[in-house]
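Engineer: Got a structure for you, written out below as structure tokens; questions coming shortly.
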Amino acid sequence: MPQQADDTSQHFDDVLRYVGEFGLWQKFLYFSSCFIVIVSSAVQIASLVFATGTPKFRCVTPNVTCDENKCCDECTSYSFDESFTSTVTEWNLICDKANIAATVQSFFVAGMMAGSLLFGVVSDFFGRRFCLFLCSALAVGFSLASSFVDCLSFFTFLRFCSGAAITGLFVGHYVYILELVGASYRTLAGKVQDFFWVIGACVMVMIAHLVRDWRHVLLIASFPPGLMYLLWRVFPESLRWLVTQGRLEDAHGILMKYAEKSSVNVDSDTITSMLERCKAAESKLKTGVKKSPLDLVRTSRMRKRTVILCFNWLVLNMIFYGIMLYVPGLAGNLYLNVFLMFVTDLPHTPMAWIVFKYFGRRVPHCVFMLISGLSCLLVLAVPEDLKELITALAIIGRFFGSASFSNIYLYSTELYPTAIRNMALGVCSTFSRIGGIVVPFIVALGQLPGVSVTLPLVIIGIMTIIAGVMSLWLPETLLSDMCETVEDIERSTENYGVIWMGKPRPCPFSLPFCG
């Protein structure tokens, strides 16, 4: 007997519940696309360390003594560590040219910001499938070209384009996989892909360890996005996008295939009827009042949330890219340090999941940020002969920063109302890219004469602590319903208590942010 659908159903999640929220064919599309898209994207982003990073260097001018990785006024010649080559070694981008090296790295992140905006529009207008295959081709082309060019300015432009294409690829894929599965599997789909990011980054470390030339590293990293074309004949368009475009027959065919592959017996006419109701509901939503970016700061509560969240997003991206770019100058084996930095992202995903589930969003986020910031600041207390301890503190700082990053997307989603949620997350994401653009210049400060090499970590640590403390002025959302409109936000009762083992508790302190 076919499964029976609810006649009053008008949401697309009901359609997926009818045919299967995460059936056999959806699993194939999910895992195969994650392996190709996320792994190749992580390879490209991790290549920043080895293609544009600064290896250890020292002064080789006779009768001049400088600390390692430091520039001196009297030194006129420097020698690089032979652990790897990069654009820095090829064009000698240290000391008075360190700002150029930082600019090259910043342009990649600037490209990521441009790509998220540009290809978001492409994805909405031309479809998720078109966007994914387009970005795959562009990522291969731009990365391949950047491995051959001899002009630094043209290389910088190509890295900008590579960042845009890669971001269009993984952001478009993130939207695709969330639209691929039903509501009960959506959180799982968003989290499991984190493991593919770690796999891709570790693959990049192994490639860089075997191939020490930056051009060869970029050449090898160019090809994985092209593997997306192996799925050309079997990779369908997003069902939700098809429904919004009125292409109900195409959506119907895909849903029937989902059901067939999962051996689910469904009625074709029922699916058609459900899709028509979904389209009708979509049309109603489109006739609603248009929202403005000013809604993010129109009321006092929205202003507070927007300012605090945007600053937290900015700082968290600074932690991610800043410590990643700082690692080549740390004591110990470069490849082991980078490998540990990425592989530690594996345990923080389940750890953060448990902590945020049983102890809320607000206090754990603040605690993780404070631990991350204090780890960076503790380098000031480390004696110069214990450089390995600085390495450990940097990795610990990034670990807890990454744990907070895994929470901030969910926390932001819950703090903004449905009416402006997508727009709000877009603004927050833009601020995070700004942090990634700025941080290479902060890392470059460590080369300046008379400045401690730990200054970049100290700056990142101070900003992280400020962001963590500011987050205490955000309300707890774990046990609260998500609001639909800005007016609902203003009418709702904000919870500034604490959560203990999934249950609300009054705040033990009498403070402005605790009640």
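The values are calculated or read from the model by the stated rules, or taken from the named source; none is laboratory data. This one's a predicted model, so the numbers in the text were calculated from it and none came from an experiment. Glycine also receives a Cβ, built like all others from the backbone with ideal geometry; neighbour counts cover every protein chain displayed.
Engineer: For segment 203-233, which residues satisfy the criterion of being assigned to a helix (DSSP H, G or I) and closer than 24 Å to residue 176 by Cβ?
Structural biologist: Hits for segment 203-233 are 203, 204, 221, 222, 224, 225, 226, 227, 228, 229, 230, 231.
Engineer: Where the second residue is part of a helix (DSSP H, G or I) and acidic (Asp, Glu) and the first is within 25 Å of residue 190 (Cβ to Cβ) and lies in segment 391-407, which pairs have Cβ atoms under 8 Å and are six or more apart or on separate chains?
Structural biologist: Here the result reads 399/345; 402/345; 406/194, each pair linking segment 391-407 to a residue that is part of a helix (DSSP H, G or I) and acidic (Asp, Glu).
Engineer: Can I ask one more? Confirm whether residue 428 is part of a helix (DSSP H, G or I), touching a Leu at 6+ places or on another chain (Cβ under 7 Å), modelled with pLDDT of 90 or more and buried (at least 19 other Cβ atoms within 10 Å of the Cβ).
Structural biologist: Spelling it out, it is not the case that residue 428 is part of a helix (DSSP H, G or I), touching a Leu at 6+ places or on another chain (Cβ under 7 Å), modelled with pLDDT of 90 or more and buried (at least 19 other Cβ atoms within 10 Å of the Cβ).
Engineer: Which residues, taken from segment 11-28, are outside any helix (DSSP H, G or I) and either at pLDDT 85 or above or among the small types (Gly, Ala, Ser) (or both)?
Structural biologist: Passing the criteria: 20, 21, 22, 23.
Engineer: Still on this structure, I have one more. If you go through segment 307-344, how many residues are buried (at least 22 other Cβ atoms within 10 Å of the Cβ) and among the hydroxyl-bearing types (Ser, Thr, Tyr)?
Structural biologist: The qualifying residues number 2.
Engineer: For residue 119, indicate whether it is at pLDDT below 90, outside the structural domain of residue 205 (by TED's automatic domain parsing) and under 27 Å from the mean Cα position of the chain (by Cα).
Structural biologist: Here the answer is no, as residue 119 does not meet what is asked.
Engineer: Moving on to the next point. Which number in (1) surrounded by fewer than 16 Cβ atoms within 10 Å (Cβ to Cβ); (2) closer than 28 Å to residue 339 by Cβ; (3) touching a helix residue (DSSP H, G or I) at 6+ places or on another chain (Cβ under 7 Å) marks the one condition that residue 149 misses?
Structural biologist: Tallying (1) surrounded by fewer than 16 Cβ atoms within 10 Å (Cβ to Cβ); (2) closer than 28 Å to residue 339 by Cβ; (3) touching a helix residue (DSSP H, G or I) at 6+ places or on another chain (Cβ under 7 Å), residue 149 fails exactly one: (2).
Engineer: Any idea which of 485, 464, 454 is on the phi < 0 side of the Ramachandran plot and modelled with pLDDT under 80?
Structural biologist: Answer to the check: 485.
Engineer: Another one. Condition check: under 27 Å from residue 136 (Cβ atoms) and either touching a Cys at 6+ places or on another chain (Cβ under 9 Å) or assigned to a helix (DSSP H, G or I) (or both). Does residue 102 satisfy that?
Structural biologist: no
Engineer: Can I ask one more? Give me the pairs, please: first residue somewhere in segment 71-86 and of a type in the set (D, E, K, R), second residue anywhere and surrounded by 16 or more Cβ atoms within 10 Å (Cβ to Cβ), beta-carbon distance under 7 Å, and either six or more positions apart or on two chains.
Structural biologist: These pairs meet every condition: 81/55; 81/56; 81/57.
Engineer: State yes or no: is residue 56 in the same structural domain as residue 149 (by TED's automatic domain parsing) and basic (Lys, Arg)?
Structural biologist: no
Engineer: Can you give me the number of residues within segment 364-386 that are surrounded by 15 or more Cβ atoms within 10 Å (Cβ to Cβ) and either within 22 Å of the chain's Cα centre (by Cα) or of a type outside the set (A, V, I, L, M) (or both)?
Structural biologist: Residues in segment 364-386 being surrounded by 15 or more Cβ atoms within 10 Å (Cβ to Cβ) and either within 22 Å of the chain's Cα centre (by Cα) or of a type outside the set (A, V, I, L, M) (or both): 12 in total.
Engineer: Consider only pairs whose beta carbons are under 7 Å apart and that are at least six residues apart or on different chains; among these, list those whose first residue lies in segment 310-322 and is within 11 Å of residue 402 (Cα to Cα) and whose second residue is among the aromatic types (Phe, Trp, Tyr) and part of a helix (DSSP H, G or I).
Structural biologist: Taking only residues 6 or more apart or on different chains, the pairs are 316/405; 320/405.
Engineer: Let me ask something additional. Which one of these is surrounded by 17 or more Cβ atoms within 10 Å (Cβ to Cβ), within 19 Å of the chain's Cα centre (by Cα) and assigned by TED's automatic domain parsing to the domain that holds residue 328: 439, 453?
Structural biologist: Answer to the check: 439.
Engineer: Among (1) free of Cβ contacts under 8 Å to residues at least 40 places away in the same chain; (2) outside any helix (DSSP H, G or I); (3) polar (S, T, N, Q), there is one condition residue 265 misses while meeting the rest; what is its number?
Structural biologist: The one condition residue 265 does not meet is (1).
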